[in-house]
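For reference, the structure discussed in these notes is given below.
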Amino acid sequence: MVRVRVPASTANLGCGYDTFGMALGYYNIVAVEPAAGFSCTVRGEGEGRLPLNERNLTVRAAAAAYEAAGESMPPLAFCCENHIPLSRGMGSSSAAIVGGIYAANVLMGEPLSADELLALATRLEGHPDNVAPALRGGFTVVAQEAGQLFCRRLPVPDGLRGVLAVPGFPVSTKKARAILPRQVELADAVFNLSHAAALALALAQGDLAGFGAMLNDRLHQPYRFQLIPGAADVVEAAIAAGALGCTLSGSGSTMISFSEDDDMLRDNIAAAMREAFQEHGVECRILFLKMDNRGVCLF
Ligand code: HSE
């Protein structure tokens, strides 16, 4: 049996739309083993809702890995233990894909390289910014050039902590992408470009205050905040409570704040985020998380 652990992830980090990702210390477990016949079970998030046949995303991803390696998938028993909430901007679909392709690759004797796994996962997900940290851990940057992915990663400094306010309602990534404008103002593009470059350099230099200050965005958040009542107030409240920065996690609905100070995170920032959401009638679950620097691994 192959048992793998896959981290959740937060994509975009504000200014790095479809480019930046960071792995979170919060995991799904996928176990896959050869069996007399195909089976699939899901426990936890998505139990009773996710398909248990060949349309299951983890199963589809495993089948795609076999196909990419030129092999046919044997009968396998899949067991998904899901902790990552669905459609909340925490990379649940990327975790499902990465769990499937990674487990399949191990079962086949690892014919696919790390770059091939990233390319395959990106093709299945449609964008690279959640699958890259789910595969490699840490902070990842992915660019596409001449049809090829260029991925670089940095380990996240130990002291960085996140608090996530996870609303009770989902946001469909498809819908959150559909509402974005097709064209942007040059000044907004420059704003994001400069923030993204500065954010990556700040993180590389261990400057967490600089990292937090650069989490702002003008390309997607202003539009997506219309789908998430209270989101703009959550950012303001988190920063007023001492967060290094606060941003939409992926396409939402989760908001994520960062801090180096555990006490401030628990006592002030989390409460400020919860209250700001509550003022707009939004109940949320709070998660305190470390970042993950390992990525998917055998478990
Ligand atoms: N970059 C993607 C988006 C992430 O913002 O639509 C989806 O989680």
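The values are calculated or read from the model by the stated rules, or taken from the named source; none is laboratory data. Worth saying up front: this structure is predicted, and the values here are computed from it rather than measured. When we count neighbours, we look across all protein chains shown, and the Cβ atoms used for this are built from the backbone with ideal geometry, even at glycine. These area figures cover heavy atoms from the full protein model, side chains too; ligands, DNA and RNA do not enter into them. Shrake-Rupley method; radii C 1.70, N 1.55, O 1.52, S 1.80 Å.
Check the stretch 41-62 and report whether any residue there is farther than 27 Å from residue 87 by Cβ and at pLDDT 95 or above.
Looking for residues that are farther than 27 Å from residue 87 by Cβ and at pLDDT 95 or above, one finds none in the stretch 41-62, hence no.
Without any contact (Cβ under 8 Å) to a residue 24 or more places away in the chain, acidic (Asp, Glu) and either open to solvent by less than 10 Å² (accessible area, probe 1.4 Å) or more than 16 Å from the ligand (Cβ to nearest atom) (or both), is that true of residue 67?
yes
Only one of 262, 233 is more than 20 Å from residue 191 (Cα to Cα), open to solvent by 10 Å² or more (accessible area, probe 1.4 Å), more than 21 Å from the chain's Cα centre (by Cα) and modelled with pLDDT of 95 or more. Can you tell me which?
Within the list 262, 233, the selection yields 233.
For the stretch 14-24, what are the residues that are more than 8 Å from the chain's Cα centre (by Cα) and either in a strand (DSSP E or B) or more than 10 Å from the ligand (Cβ to nearest atom) (or both)?
14, 15, 20, listed by residue number.
Only one residue in 182, 224 is within 18 Å of residue 88 (Cβ to Cβ) and not in a strand (DSSP E or B). Which one?
The unique qualifying residue is 224.
Could you please find all residues in the stretch 173-195 being surrounded by 13 or more Cβ atoms within 10 Å (Cβ to Cβ), of a type in the set (S, T, N, Q) and over 25 Å from residue 292 (Cα atoms)?
Scanning the stretch 173-195 gives a single hit, 192.
Taking the stated definitions as given, is residue 127 farther than 25 Å from residue 279 by Cα and touching a residue at least 12 places away in the same chain (Cβ under 8 Å)?
Judged against the criteria, residue 127 is a match.
Is it fair to say residue 295 is open to solvent by less than 10 Å² (accessible area, probe 1.4 Å) and within 30 Å of residue 107 (Cβ to Cβ)?
yes
Return the only residue of 219, 203, 215 being open to solvent by less than 50 Å² (accessible area, probe 1.4 Å), in contact with a helix residue (DSSP H, G or I) (Cβ under 9 Å, 6 or more places away or on another chain), over 22 Å from residue 175 (Cβ atoms) and not in a helix (DSSP H, G or I).
Result of the check over 219, 203, 215: 215.
Tell me, please, whether a residue that is in contact (Cβ under 8 Å) with a residue 60 or more places away in the chain and either surrounded by 18 or more Cβ atoms within 10 Å (Cβ to Cβ) or within 16 Å of the ligand (Cβ to nearest atom) (or both) can be found in the stretch 33-56.
Looking through the stretch 33-56, none of the residues is in contact (Cβ under 8 Å) with a residue 60 or more places away in the chain and either surrounded by 18 or more Cβ atoms within 10 Å (Cβ to Cβ) or within 16 Å of the ligand (Cβ to nearest atom) (or both).
Please enumerate the residues belonging to the stretch 88-113 that are hydrophobic (A, V, I, L, M, F, W, C), within 15 Å of residue 6 (Cβ to Cβ) and either in contact with a Leu (Cβ under 6 Å, 6 or more places away or on another chain) or assigned to a helix (DSSP H, G or I) (or both).
95, 96, 97, 98, 101, 103, 104, 106
Can you report the number of residues in the stretch 83-107 which are more than 14 Å from the chain's Cα centre (by Cα) and either among the basic types (Lys, Arg) or open to solvent by less than 30 Å² (accessible area, probe 1.4 Å) (or both)?
Counting residues in the stretch 83-107 that are more than 14 Å from the chain's Cα centre (by Cα) and either among the basic types (Lys, Arg) or open to solvent by less than 30 Å² (accessible area, probe 1.4 Å) (or both) gives 5.
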